[in-house]
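> Have a look at this one.
The values are calculated or read from the model by the stated rules, or taken from the named source; none is laboratory data. This one's a predicted model, so the numbers in the text were calculated from it and none came from an experiment. No Cβ is skipped: glycine too gets one built from the backbone with ideal geometry, and neighbour counts run over all protein chains shown.
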Amino acid sequence: MAILRCNKCGLLAEQVDTHAGHEITCPKCGTLAMVYPTLFFIEKLLDKYFVAQRELIALKSRPATRTATDLPATQAAPLLHTEIDLGNTDKLATELQHGPIYDWFHKKQIKVQADMRSVDTSGFFDEVAEAIGGNLELFKEVIERLRWSQQKDHSSATIRLDKRSPEEAKALSSFCQQLYDFSFVAKCFHNKPENNIRLILQTAPAIRRFFDGEWLEWHALMCCLRYAKERNRRFSCARGLEISLANDDRYELDVFMLIDGNTPICIECKSGEFRQNIDRYLALRKRLGISGKNFVMCVAGLSDENTKAFSAMYDLAFVNERGLAEHLGRLF
């Protein structure tokens, strides 16, 4: 059923679906009133509800005495790094923290939905992701072996050390032990006679997604958070942000950060092939109104030479996992 909403007398009344999108006479006061599709009407009500909820939370979080430096309610939510331990907190996983991002997209008439838990850093995803991002050249074999074993439904993966230098073998052993200590693998066997490590896989979906590419999203998120901390900037952040444009085109933004409530940074993370999607991201960047330097394509393992070449060819910023932090540092 469609819904009639009379702006004069306030009447809400069900109507047949064929009336949706048309004005009819209000049965109570006789004024012409619009009939809305039910889903459209509910979405508008929810939008108003969540905006009001965020403003209420922001007001409650203010000190009793206002000062001249207080921000308006819609800008009160961005966090300052001194308020939290960025590497170990669930305070990012809240409506209040995401509020400025919702408002930024709503002003552009873009529907948005965030998974709050995707920025909860109280687990170990961020620690392992930063370890991988800091030495992908060495740890790439472990990640690829685990991902391949997951895809083939194998129960284990073997990491050979016999062709590694003593330093590399030690670093790989320590990394595999870290995976076990943080429960990313169920067991870790160091086979000294055969000079290899056998890892027994975890089957939890979150772990599978992590090795399938989400590790790069966590790495990018932590780069953004540390960027905000180093520069003492207020921020709101999201990971896996789902947006829907007016033409029903849908996107998932891997990492999105809003600096000081008005400056967006969008990072798309690619651990596999990416070239076929460049046109799509160029169109999205234009629709969002984000500058090329602030719309970042973070491609794992991409050479420094290619990051410069692709950035020169397209109005996007191409970086690899090593150069992401440096690029963010150049933005402001």
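> When you scan region 100-140, how many residues do you find that are among the charged types (D, E, K, R), in a loop (DSSP other than H, G, I, E, B) and without any contact (Cβ under 8 Å) to a residue 40 or more places away in the chain?
Of the residues in that region, 1 qualify.
> Which condition does Leu96 not pass, out of (1) surrounded by fewer than 16 Cβ atoms within 10 Å (Cβ to Cβ); (2) closer than 30 Å to Gly123 by Cβ; (3) among the aliphatic types (A, V, I, L, M); (4) at pLDDT 80 or above, if it passes all the others?
Every condition holds for Leu96 apart from (1).
> Same structure, new question: Quick one: which of Ile259, Ile267 is of a type in the set (A, V, I, L, M, F, W, C), under 20 Å from Val119 (Cβ atoms), without any contact (Cβ under 8 Å) to a residue 60 or more places away in the chain and surrounded by 21 or more Cβ atoms within 10 Å (Cβ to Cβ)?
Result: Ile267 is the single residue among Ile259, Ile267 that is of a type in the set (A, V, I, L, M, F, W, C), under 20 Å from Val119 (Cβ atoms), without any contact (Cβ under 8 Å) to a residue 60 or more places away in the chain and surrounded by 21 or more Cβ atoms within 10 Å (Cβ to Cβ).
> Then there is this: Scan region 156-202 residue by residue and report those that are among the aromatic types (Phe, Trp, Tyr), outside any loop (DSSP other than H, G, I, E, B) and touching a helix residue (DSSP H, G or I) at 6+ places or on another chain (Cβ under 7 Å).
Within region 156-202, Phe175 is the sole residue that qualifies.
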